[in-house]
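Student: A single structure is presented below for examination.
The values are calculated or read from the model by the stated rules, or taken from the named source; none is laboratory data. Here the structure is a predicted model, which is why all the values come from computation and not from measurement. Because the Cβ atoms are built from the backbone with ideal geometry, glycine has one as well, and the counts that use them run over all protein chains shown.
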Amino acid sequence: MEGDKATGAHCRDVSKTYRRATGATPALDGVDIDLQPATVTALVGPSGSGKSSLLRIVAGLDKPDRGTVVVGDIDIARLSERSRRRFRRARIGYVFQRPSDNLISYLTVMEHMDLAARVRGASHEGSVEILERLGIAARGDNHPHQLSGGEQQRLAFGLAAIGSPSLVIADEPTAELDHESGAALMGLVTSLARMGTSVVIATHDPEVARFADVRVTLDEGKVVP
Ligand SMILES: Nc1ncnc2c1ncn2[C@@H]1O[C@H](COP(=O)(O)OP(=O)(O)OP(=O)(O)O)[C@@H](O)[C@H]1O
Ligand SMILES: [Mg+2]
């Protein structure tokens, strides 16, 4: 696991067009991106430029029409659906853009964390520490509908981060956070990167973009050189 961590994630010539009966929407056009280990990459660009589409493909949640995505030493497009799901759970932390998409309505905050910790071989103490760092430890017994949008978003990030996976992918994780909670989340990002995790964050938040080690800009589905 440690060995694979050292290779990050790499996309080559990734293209994607959403096709429906009503027409085709091009989203990504020949994207190359390297997400290095121990590095925080900010993915920026206007609304509709393809950030979420690219993140879903890097995570193996969606398949590109063309191109390759290698995470660690694994070409994830070549895995079967089942292997890809298993690989993703163990090795990739993902935060969806909509906070509620990350959570299960009948689990409490602590149950969410303990479940994720078990999958990643992390401890209950590790879960508690992450909740404390994110300022939501007092919410351990609450269910998602009892949390504010920002608290949901912090929990979602904690779930992605537990066990320090090879790759953490977060789609606008600070969109609903105030300055202090945003700073706490970025503190956790720094710790993750120090442990070798490659972190990529799609964001419209200039503070997050400044904080990142590397910035990649998308415009109309292409990387701006
Ligand atoms: N499931 C889908 N079906 C059809 N079109 C889609 C789908 N998802 C995204 N698109 C289209 O693909 C393009 C890229 O969308 P995407 O969500 O990747 O942009 P984004 O950069 O994440 O935008 P935002 O900053 O608003 O989150 C847009 O034109 C969008 O309308
Ligand atoms: Mg998006």
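Student: Which pairs do you get when a residue that is at positive phi, found in segment 135-160, comes within reach of a residue that is among the basic types (K, R), reach meaning Cβ atoms under 9 angstrom, with the pair 6+ apart or on two chains?
Tutor: Once the first residue is at positive phi and sits in segment 135-160, its partners that are among the basic types (K, R) give G135/R154.
Student: Among A184, A175, which is at pLDDT below 90, in contact with a Gly (Cβ under 8 Å, 6 or more places away or on another chain) and of a type in the set (A, V, I, L, M)?
Tutor: A184
Student: Right, another one. Restricting to segment 93-126, give me the number of residues that are more than 17 Å from the chain's Cα centre (by Cα) and part of a loop (DSSP other than H, G, I, E, B).
Tutor: Residues in segment 93-126 being more than 17 Å from the chain's Cα centre (by Cα) and part of a loop (DSSP other than H, G, I, E, B): 8 in total.
Student: Enumerate the pairs (first residue in segment 37-56 and among the charged types (D, E, K, R); second residue anywhere and surrounded by fewer than 19 Cβ atoms within 10 Å (Cβ to Cβ)) with beta-carbon separation below 7 Å, excluding pairs fewer than 6 apart on the same chain, so at least 6 apart or on different chains.
Tutor: R56/D62
Student: Can you name the residue in segment 142-160 that is surrounded by fewer than 23 Cβ atoms within 10 Å (Cβ to Cβ) and closer than 16 Å to E180 by Cβ and, of all such residues, is farthest from the chain's Cα centre (by Cα)?
Tutor: S148
Student: Shifting gears a bit: For T108, are the conditions met, namely being away from ligand 1 (no atom under 16 Å from the Cβ) and under 27 Å from A209 (Cα atoms)?
Tutor: The answer is no for T108.
Student: Determine if segment 43-61 includes at least one residue that is within 13 Å of ligand 1 (Cβ to nearest atom), modelled with pLDDT under 95 and farther than 28 Å from G187 by Cα.
Tutor: Checked segment 43-61: no residue is within 13 Å of ligand 1 (Cβ to nearest atom), modelled with pLDDT under 95 and farther than 28 Å from G187 by Cα.
Student: Please work out which residue is nearest to ligand 1 (Cβ to nearest atom), limiting yourself to segment 158-200 and to residues that are touching a strand residue (DSSP E or B) at 6+ places or on another chain (Cβ under 6 Å) and over 26 Å from E111 (Cβ atoms).
Tutor: Taking the candidates together, the pick is V200.
Student: Quick one: which of L43, L103, L61 is within 16 Å of ligand 2 (Cβ to nearest atom) and surrounded by 18 or more Cβ atoms within 10 Å (Cβ to Cβ)?
Tutor: Only one candidate passes the filter, namely L43.
Student: I'd like to check something: does segment 9-26 contain any residue that is more than 11 Å from ligand 1 (Cβ to nearest atom) and in contact with a Pro (Cβ under 7 Å, 6 or more places away or on another chain)?
Tutor: The answer is yes, given that some residue of segment 9-26 is more than 11 Å from ligand 1 (Cβ to nearest atom) and in contact with a Pro (Cβ under 7 Å, 6 or more places away or on another chain).
Student: Quick check on segment 17-26. Is at least one of its residues modelled with pLDDT of 95 or more and assigned to a helix (DSSP H, G or I)?
Tutor: Taking every residue of segment 17-26 in turn, none turns out to be modelled with pLDDT of 95 or more and assigned to a helix (DSSP H, G or I).
Student: Here is a follow-up. Considering each of A77, A38, A21 in turn, give the residue that is within 19 Å of G196 (Cα to Cα) and aliphatic (A, V, I, L, M).
Tutor: The match here is A38.
Matching residues to (1) assigned to a loop (DSSP other than H, G, I, E, B); (2) surrounded by 15 or more Cβ atoms within 10 Å (Cβ to Cβ); (3) within 16 Å of the chain's Cα centre (by Cα); (4) of a type in the set (A, V, I, L, M, F, W, C):
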{"residue": "L55", "(1), (2), (3), (4)": "no, yes, yes, yes"}
{"residue": "G67", "(1), (2), (3), (4)": "no, yes, no, no"}
{"residue": "R82", "(1), (2), (3), (4)": "no, no, no, no"}
{"residue": "R88", "(1), (2), (3), (4)": "no, yes, yes, no"}
{"residue": "V128", "(1), (2), (3), (4)": "no, yes, no, yes"}
{"residue": "G135", "(1), (2), (3), (4)": "yes, yes, no, no"}
